[in-house]
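The values are calculated or read from the model by the stated rules, or taken from the named source; none is laboratory data. Being a predicted model, the structure only gives us computed values, none of them experimental. For neighbour counting, all protein chains shown are included, and Cβ atoms are generated from backbone atoms with ideal geometry for every residue, glycine included.
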Amino acid sequence: MTAHGMRHEADSVLHSWCVPADWDAPTVVGGEGAWLLLEDGRRILDLSSLSECSLLGHQHPRLVQAIRDQAQTLCFVTNQWGARVRAELAEELLEVSGLRGGRVFFTLGGADANENAIKIARLAQEQPQGAVIARDRSYHGASYMGMALSGDARVQAFVDAGALNVHHVPPPYPYRCPFGTSSPEACGRAAAQAVATKIDAVGAQRTAAVIMEPNAGSNGIVPPGSFWPALRRVTRDRGVLLIADEVMSGFGRCGHWFAWQQHGQPHAPDLITCAKGLTGAAAPLGAVIVSAAVYERIERRMLPIGLTYCGHPLSCAAGLAAVRTYRDEGLIERSRRLGAWMFERLQRLQERHEAIGEVRGGDGLFAVVELVADRATRHPLAPWPQTPPALAALLREALAQGLSLASRGNLIILAPPLVIAQAELADAIARLDALLARHLSR
């Protein structure tokens, strides 16, 4: 029983990505800015944006008001009917993405955005079961197609990627470059060439699309600057569509509306998938943003895609308010500026702590701290994707101190809300400094 006389949530709810019998999380009753308010009265500083999606913090008043206003006007109508707020949000997304003249298909979240992007790409290429190239150490969702696309050890036993005509290539991971290159830029070019080699082996005429995360991802890999432009050339030269999975990296997380934009409009993808920050997590919503060129190929074709709640007006209202809030409050630029400051502070931690092998990211409010047992050899603390006991202990103490951090394997992932105060972030990094000294000192 809880302190309020209720049964514990674990007695009735199955939770995602956990061992059910081990789930034992506190109950959140509210939030404000970068803070979560717990049932027992504690305040927790959220350094992960709750799975990298609460980019506007918690209970942002503009999102709350937008949902309230929409509920009073129109709660729901299917895609067989128009909804003004749905059209307004689509227009905003086409503008900020740079894919003007295209179209937007709304989904319920990131996984089905990726799945429907594949369907649209295959339809546009007239390859109903055309091959799709993805990469190892990636994550594209937990639906069956999402798992097939993902190069994620946690889900490989549940799906046969080959049966869905999905093929994987090594990742652009300079710190442990699978191609044995001597520089990040060379690793990025080699990773793009691996995609080219795979397309050529499968056959360009039988390959519908390539799907990649341009920057931030829960896998902890941040591609070098050479990767995306080279990948765009590889796919364009072979007539293969390029899908940018921006579910985590979109809406300012990496210092631009979408992470690929740091490379310029000539390197625009053919389709963009997004979710998470699309509504600031105030309501479930995802989207596939389709370029004008791809739309021209499908505008007279039947689209066998979608679920009942696609483009739900309440979620679209939250999305419209979120996009306008990012713009009105200057949060894209703020993420770029504050992200650079955070990255520099984390590099200082690396100088003080031998357990930090590399700090990467820094294009916006996203950074990865990779921990190692030996900095010289880069030997990991634990085999991927296991979490080392010392890191698990660090995370527990951090939470006890009122600090929530994200992690995967040997990685600490910092992705705070874009509205976090600089003083709050400075205090969090100082506490992380002390925690590293206590749990991972040599």
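If I ask for residues that are assigned to a helix (DSSP H, G or I) and within 22 Å of the chain's Cα centre (by Cα), which ones from the range 193-235 would you list?
Once the filter is applied, which keeps residues that are assigned to a helix (DSSP H, G or I) and within 22 Å of the chain's Cα centre (by Cα), the range 193-235 yields Val195, Phe227, Trp228, Pro229, Ala230, Leu231, Arg232.
Inspect all residues belonging to the range 73-82 and state whether any of them is buried (at least 19 other Cβ atoms within 10 Å of the Cβ), closer than 22 Å to Ala287 by Cβ and out of contact with any Phe, Trp or Tyr (no Cβ under 9 Å at 6 or more places or on another chain).
Checked the range 73-82: no residue is buried (at least 19 other Cβ atoms within 10 Å of the Cβ), closer than 22 Å to Ala287 by Cβ and out of contact with any Phe, Trp or Tyr (no Cβ under 9 Å at 6 or more places or on another chain).
Scan the range 296-335 for residues that are closer than 16 Å to Glu95 by Cβ and either surrounded by fewer than 17 Cβ atoms within 10 Å (Cβ to Cβ) or among the acidic types (Asp, Glu) (or both) and jot them down.
Listed by number, the residues that qualify are Arg324, Arg327, Asp328.
Against the conditions (1) closer than 15 Å to Leu320 by Cα; (2) more than 24 Å from the chain's Cα centre (by Cα), where does Gln80 fall short? Just the number, please.
Failed condition: (1).
What about Gly339, is it in contact with a Gly (Cβ under 8 Å, 6 or more places away or on another chain), assigned to a helix (DSSP H, G or I) and either touching a residue at least 24 places away in the same chain (Cβ under 8 Å) or crowded, with 18+ Cβ neighbours inside 10 Å (or both)?
yes
Search the range 354-368 for residues being over 24 Å from Ala153 (Cα atoms) and under 24 Å from the mean Cα position of the chain (by Cα), and hand back the single one that is surrounded by the fewest Cβ atoms within 10 Å (Cβ to Cβ).
Looking at the filtered set, the residue picked out is Gly362.
Which residues, counting only those in the range 74-89, are in contact (Cβ under 8 Å) with a residue 60 or more places away in the chain and either assigned to a helix (DSSP H, G or I) or not assigned by TED's automatic domain parsing to the domain that holds Ala268 (or both)?
If the condition is that a residue be in contact (Cβ under 8 Å) with a residue 60 or more places away in the chain and either assigned to a helix (DSSP H, G or I) or not assigned by TED's automatic domain parsing to the domain that holds Ala268 (or both), then Val85, Arg86, Glu88, Leu89 are the ones that fit.
Going through the range 138-154 one residue at a time, which ones are outside any helix (DSSP H, G or I) and buried (at least 23 other Cβ atoms within 10 Å of the Cβ)?
Tyr139, His140, Gly141, Ser150
Somewhere in the range 127-136, is a residue part of a helix (DSSP H, G or I), crowded, with 19+ Cβ neighbours inside 10 Å, in the same structural domain as Val195 (by TED's automatic domain parsing) and touching a residue at least 12 places away in the same chain (Cβ under 8 Å)? Can you show your working first?
Filtering the range 127-136 for residues part of a helix (DSSP H, G or I) gives none.
No, there is no match, as no residue in the range 127-136 is part of a helix (DSSP H, G or I), crowded, with 19+ Cβ neighbours inside 10 Å, in the same structural domain as Val195 (by TED's automatic domain parsing) and touching a residue at least 12 places away in the same chain (Cβ under 8 Å).
Which is farther than 30 Å from Ala194 by Cα and out of contact with any Ser or Thr (no Cβ under 6 Å at 6 or more places or on another chain), of Val132, Val85? Give the derivation first.
On the way: Val132 fails: farther than 30 Å from Ala194 by Cα.
Testing whether each residue is farther than 30 Å from Ala194 by Cα and out of contact with any Ser or Thr (no Cβ under 6 Å at 6 or more places or on another chain) leaves just Val85.
State yes or no: is Ala216 at negative phi and modelled with pLDDT of 95 or more?
no
Just a yes or no: is a residue in the range 101-123 free of Cβ contacts under 8 Å to residues at least 24 places away in the same chain and under 17 Å from Ile305 (Cα atoms)?
Scanning the range 101-123, I find no residue that is free of Cβ contacts under 8 Å to residues at least 24 places away in the same chain and under 17 Å from Ile305 (Cα atoms), so the answer is no.
Which number in (1) polar (S, T, N, Q); (2) crowded, with 18+ Cβ neighbours inside 10 Å; (3) within 19 Å of the chain's Cα centre (by Cα) marks the one condition that Gln262 misses?
Here Gln262 clears every test but (2).
Let's see how each residue does on (1) surrounded by 21 or more Cβ atoms within 10 Å (Cβ to Cβ); (2) farther than 18 Å from Ile118 by Cβ; (3) not small (Gly, Ala, Ser):
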{"residue": "Ala186", "(1), (2), (3)": "no, yes, no"}
{"residue": "Gln193", "(1), (2), (3)": "no, yes, yes"}
{"residue": "Ala208", "(1), (2), (3)": "yes, no, no"}
{"residue": "Gly217", "(1), (2), (3)": "yes, no, no"}
{"residue": "Pro223", "(1), (2), (3)": "yes, yes, yes"}
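Is the range 369-391 home to any residue that is crowded, with 21+ Cβ neighbours inside 10 Å, in contact (Cβ under 8 Å) with a residue 40 or more places away in the chain and part of a helix (DSSP H, G or I)?
Among the residues of the range 369-391, at least one is crowded, with 21+ Cβ neighbours inside 10 Å, in contact (Cβ under 8 Å) with a residue 40 or more places away in the chain and part of a helix (DSSP H, G or I), which makes the answer yes.
Of all residues being surrounded by fewer than 19 Cβ atoms within 10 Å (Cβ to Cβ) and touching a helix residue (DSSP H, G or I) at 6+ places or on another chain (Cβ under 7 Å) in the range 392-403, which is nearest to Leu55 (Cα to Cα)? Just the residue, please.
The residue in question is Leu403.
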